[in-house]
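This report refers to the structure that appears directly beneath it.
No value in this document is a laboratory result; all are computed from the given coordinates. Predicted model only: the values in this text are computed from it and were never measured. When we count neighbours, we look across all protein chains shown, and the Cβ atoms used for this are built from the backbone with ideal geometry, even at glycine.
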Amino acid sequence: MGEQRYQLHDKLHRHQEAVAIIYGPGTKCEKSNTFYGSRDAKSLQLEAEFTKHRARRPAWDKALSAKKCVEYLPKLYRLTDLMIDCIAKAEGKDDRGVLINHWLKCFVFDMVGDLGYSKSYGCLDSGLIHQGLLEVEKFLAAGVLLTPLPWLVRIISSLPGLPVPMQGLRTFATLSLTERKAAKIESPDVLSYVFRGKKTLTPEEEIEDTMMLQIAAGDTTLSVLTFSMYHLAINPDIQIALRKEIEDHADVTDLAFSAIQDLPLLESVINETLRVHPAVPSGLPRLIPPEGLYVEDMFIPGNTTVSCPTWTIQHSPENFTDPDTWNPFRWITTLETHKPKAFIPFSVGPFNCVGKAFAYMEMKQVLARLVTTFDFQLGSAEDEARVINESQDHTAMTCAPLWLKMEAIVRKDKLCM
């Protein structure tokens with residue numbers, strides 16, 4: 001059995017067929033409680049059983065549908081403008097350049113609060129990282145240590161309280177939820193839709209969903225924007241081409257999402273970054289049904305926990321030509337072929353990422369504003385290899401510090417800001 005599982009592991013690393021069977025729309029594989037925990041109160045993300053997940057999913061689908069995302073655009077425009085101003089003011093204050101991660105973190109966490117429960121954390125206004133974001137980072141770092149030890153996850157999940165450092169995020173989420181319920185807010189936010197869903201949530205489930213929102217609502221955006229800026233900085237020809245595409249189709253002095261949402265190179269830059277640097281590089285564990293199932297010609301015994309690591313699938317030469325090279329044009333040209341089902345940055349099937357539509361809208365809008373406002377390159381002391389080598393998989397990808405020289409673009413005798 002040990003040998004068979006090793007062969008299975010190798011197969012799942014390489015084949016897109018395994019992705020469709022284990023994760024796809026018709027899958028019989030539920031989430032594994034071994035990895036996702038066995039506590040009674042769970043967030044939507046940790047809900048392992050199909051029936052329970054289906055009961056809670058519609059409220060989230062409504063809150064984050066493409067139609068509803070348009071309602072959040074004023075929040076997105078306001079915070080993007082504020083971030084652009086902060087970056088412009090930061091340029092020249094440090095010989096190394098601008099620490100782009102810092103301002104993207106400030107933006108993302110301000111956006112999480114505003115989008116999720118109409119809370120302004122003022123990170124961009126103060127220029128400081130909020131304690132809540134630090135608790136998210138501690139939580140994710142602890143998860144890295146626990147994921148390879150499912151037996152320990154089971155023990156911890158059965159305890160009445162979460163251990164430090166996990167308790168810090170729970171305390172922060174509880175406070176955020178309490179403040180949101182006490183406030184009389186009319187503007188749309190995600191939790192307002194979730195709490196009006198058909199499935200009545202327990203107080204503990206509400207806290208878990210708030211924690212999920214604080215963790216998952218910004219990790220992909222932060223990772224993709226940071227790595228996109230990195231690759232565009234070291235590929236100035238692509239940066240110029242992307243800027244021209246946006247300028248040819250939109251008024252860059254008042255950039256509307258409707259003008260850029262379907263631009264091919266903009267989407268390709270984001271997709272290629274999602275492929276090379278998936279926000280969740282490791283595989284998402286799934287439980288094989290009791291009767292077992294086949295992946296191609298290999299039988300997988302029932303009640304076996306399996307996964308298809310996103311990074312490995314998307315870096316396999318069987319799925320993508322020259323897979324380790326960041327090349328956004330692979331999504332546009334017909335000269336290079338790839339297997340679409342092997343592109344799974346938001347997962348697929350019934351447990352796929354509920355925030356995909358908003359994430360794309362957010363990433364496109366922010367990246368378009370950055371590219372049309374600044375001409376940028378690596379900071380004077382920045383090491384191109386270090387950024388890649390020092391980034392870490394903390395369940396969600398944590399990017400190494402990235403220093404960029406951000407030069408404001410001058411148009412018609414005015415600074416483009």
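Observations
- Helix axis angle, 264-276 relative to the chain longest principal axis, alpha carbon, degrees: 50
- DSSP-loop GluC sites (Glu not before Pro) across region 279-377, with at most 10 other Cβ within 10 angstrom: Glu291, Glu296
- Exposure proxy ranking for Val371, Val144, based on other Cβ atoms within 10 angstrom of each Cβ and starting from the fewest, stands as Val144, Val371.
- Total formal charge among the other residues, if their Cβ is under 15 angstrom from that of His130, Lys/Arg +1 and Asp/Glu -1: -3
- Applying a DSSP loop filter and a limit of 14 other Cβ atoms within 10 Å to the GluC sites (Glu not before Pro) in region 363-409 leaves Glu390.
- As a proxy for reagent exposure, Ile300, Ile185 were ordered by neighbouring Cβ count within 10 angstrom, fewest first; the result is Ile185, Ile300.
- Here the Karplus curve 6.51 cos²θ - 1.76 cosθ + 1.60, taken at θ = phi - 60°, turns the phi angles of region 109-120 into couplings of 6, 4, 5, 4, x, 5, 5, x, 8, 6, 10, 9 Hz, with x standing for Gly and Pro.
- In order along region 234-250, phi translates into HN-Hα couplings of 9, 10, x, 5, 6, 4, 5, 5, 5, 4, 5, 4, 5, 4, 6, 10, 8 Hz, rounded to whole numbers, per the Karplus curve 6.51 cos²θ - 1.76 cosθ + 1.60 with θ = phi - 60° and x for Gly and Pro.
- Principal-axis analysis of the Cα atoms of the chain puts helix 50-63 at an angle of about 20° to the longest axis.
- Calculated from the structure at hand, volume of the Cα convex hull per residue in Å³ is found among (1) 186; (2) 149; (3) 206 as (2).
- For region 181-197 versus region 344-377, the inter-centroid distance based on Cα atoms is 24 Å.
- By other beta-carbon atoms within 10 Å, ranking Asp248, Asp125 with the fewest at the front produces Asp248, Asp125.
- For region 83-99, 3J(HN,Hα) per residue [Karplus equation, 6.51 cos²θ - 1.76 cosθ + 1.60, θ = phi - 60°, Hz, x = Gly/Pro]: 5, 4, 4, 5, 5, 4, 6, 6, 4, x, 7, 9, 4, 6, x, 10, 7
- Residues with amide H under 5 Å from that of Arg411, placed H, sequence gap 5 or more: Cys416
- Dimensionless Rg/Rh of region 272-407 - Kirkwood Rh, Rg from C-alpha atoms: 1.03
- Computed over neighbours whose Cβ is under 15 Å from that of Arg57, the net charge equals +4, Lys and Arg +1, Asp and Glu -1.
- Amide H partners (placed H, <5 Å) of Leu378, local residues excluded: Lys405
- Trypsin sites (Lys or Arg not before Pro) restricted to DSSP loop in region 309-417 with at most 10 other C-beta within 10 Å: Lys412
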